[in-house]
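Asker: After the structure tokens below, expect a handful of questions from me.
The values are calculated or read from the model by the stated rules, or taken from the named source; none is laboratory data. Nothing here was measured: the structure is a model prediction, and the numbers come from that model. Cβ sites come from the backbone with ideal geometry, for glycine too, and all protein chains shown count toward neighbours.
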């Protein structure tokens, strides 16, 4: 696929054209200026490193599948329930929530936040690289899939795109947005501009150092302009003059000063700017907790607090735009039920996902939780996967974005959608 791509990188920007030339940009720019109705937006957050779903959303109660079992399996990591402090928050559903995720509780109580437990890939790999590839391509167990599931979704939306339809707030384009549909990766919208010093673009396909869009069509690429007027760049320039440097979130939106917080703040800006955003991607790293995972404090708690505060601020910031937006988290796999000798957990199987939106069947833990008794564990050590991640992805794509064709999003898959969103 690399020979079909042309990248532009400048100050953290990557524009994936996948064969789409200036004519596409001109049409897209025009579409964004015609005042089209607001479109639904899906915001995905990838928790890279494999989040411990049992620590995030532990089962409660006695017996072999509740917190009494966890106390034995995780003597260093176990936390009792409590109404405040470092105790697990009782969700009233037979499950608790790690206290670092407490900023999400108002959305849970408002029935806007749902949890899917024991979710993951049917493929049993414990390789981060393979599992992330399978989840982002949407084809578990199949290497070499050329495109990602979010790119396929974008291609099935059924209307003209704007240059900002698919945006990843990351340094490099994520695997899920690879494909024929144009997508942008940018870490800082203040660097998203046209013009500047014109760099020399080489003729080879692949990464191209440049300072603006024009470099894509400079020198040996000048032939791309033969059938397109120079004002194409003026159209893109109109879109790229987003004054993000002066953006002020809603007063109550307290974004943390972290990469995820900044990413979600900029996604909120794009949503509220009505530039045609429909698919957004952000990521949170540091979930590979082999050593000193911690209970109420530690590496897990730090990552969870950052994620929860970032999502809570984003949801507050959206204000009247909440009806348009759905947020979904994902992680490549879970972690072992029992802690290891280093105060952490190792690569496992099933985990948990969060789905947030006004139409979500919130305030509930969805999916079938298989339990923690030994004969229910996958290979005697991991939370079993009872919900294929594609069941969740297909439900969100269909019910929220209107892409109701799971077979085209996930080639070869014929599984059911998980009922998660109110019709």
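Asker: For the stretch 103-161, which residues satisfy the criterion of being more than 30 Å from residue 85 (Cβ to Cβ), in contact with a strand residue (DSSP E or B) (Cβ under 7 Å, 6 or more places away or on another chain) and either assigned to a loop (DSSP other than H, G, I, E, B) or in contact (Cβ under 8 Å) with a residue 60 or more places away in the chain (or both)? Step through it out loud before you land on a result.
Answerer: Quick first cut of the stretch 103-161, residues more than 30 Å from residue 85 (Cβ to Cβ) only: 120-161.
Going one step further and asking which of them are in contact with a strand residue (DSSP E or B) (Cβ under 7 Å, 6 or more places away or on another chain), we end up with 120, 122, 126, 135, 150-151, 153-154.
Correct list: 120, 122, 126, 135, 150, 153, 154.
Asker: All but one of (1) within 16 Å of the chain's Cα centre (by Cα); (2) at positive phi hold for residue 276; state the number of the condition that does not hold.
Answerer: (1)
Asker: Can we say residue 402 is within 21 Å of residue 311 (Cβ to Cβ) and assigned to a loop (DSSP other than H, G, I, E, B)?
Answerer: Criteria not met by residue 402.
Asker: If you take the residues of the stretch 37-86 that are part of a helix (DSSP H, G or I) and modelled with pLDDT of 90 or more, which of them is nearest to residue 154 (Cα to Cα)?
Answerer: Of everything passing the filter in the stretch 37-86, 53 is nearest to residue 154 (Cα to Cα).
Asker: Does residue 407 satisfy the condition of being out of contact with any strand residue (DSSP E or B) (no Cβ under 7 Å at 6 or more places or on another chain), in a helix (DSSP H, G or I), without any contact (Cβ under 8 Å) to a residue 40 or more places away in the chain and within 17 Å of residue 422 (Cβ to Cβ)?
Answerer: Numbers: out of contact with any strand residue (DSSP E or B) (no Cβ under 7 Å at 6 or more places or on another chain): yes; in a helix (DSSP H, G or I): yes; without any contact (Cβ under 8 Å) to a residue 40 or more places away in the chain: yes; within 17 Å of residue 422 (Cβ to Cβ): no.
In short, no.
Asker: Also: With the checklist (1) surrounded by 16 or more Cβ atoms within 10 Å (Cβ to Cβ); (2) over 20 Å from the mean Cα position of the chain (by Cα); (3) assigned to a helix (DSSP H, G or I) in hand, flag the one item residue 96 doesn't pass.
Answerer: The number of the failed condition is (3).
Asker: From 330, 326, grab the single residue that is touching a residue at least 60 places away in the same chain (Cβ under 8 Å), in contact with a helix residue (DSSP H, G or I) (Cβ under 8 Å, 6 or more places away or on another chain) and farther than 15 Å from residue 286 by Cα.
Answerer: Criteria check complete, one pass: 326.
Asker: Quick one: count up the residues across the stretch 165-183 that are touching a strand residue (DSSP E or B) at 6+ places or on another chain (Cβ under 7 Å) and either under 10 Å from residue 280 (Cα atoms) or buried (at least 24 other Cβ atoms within 10 Å of the Cβ) (or both).
Answerer: Qualifying residue count, the stretch 165-183: 8.
Asker: Within the stretch 296-315, how many residues turn out to be in contact (Cβ under 8 Å) with a residue 60 or more places away in the chain and surrounded by fewer than 21 Cβ atoms within 10 Å (Cβ to Cβ)?
Answerer: Summing the residues that are in contact (Cβ under 8 Å) with a residue 60 or more places away in the chain and surrounded by fewer than 21 Cβ atoms within 10 Å (Cβ to Cβ) in the stretch 296-315 gives 5.
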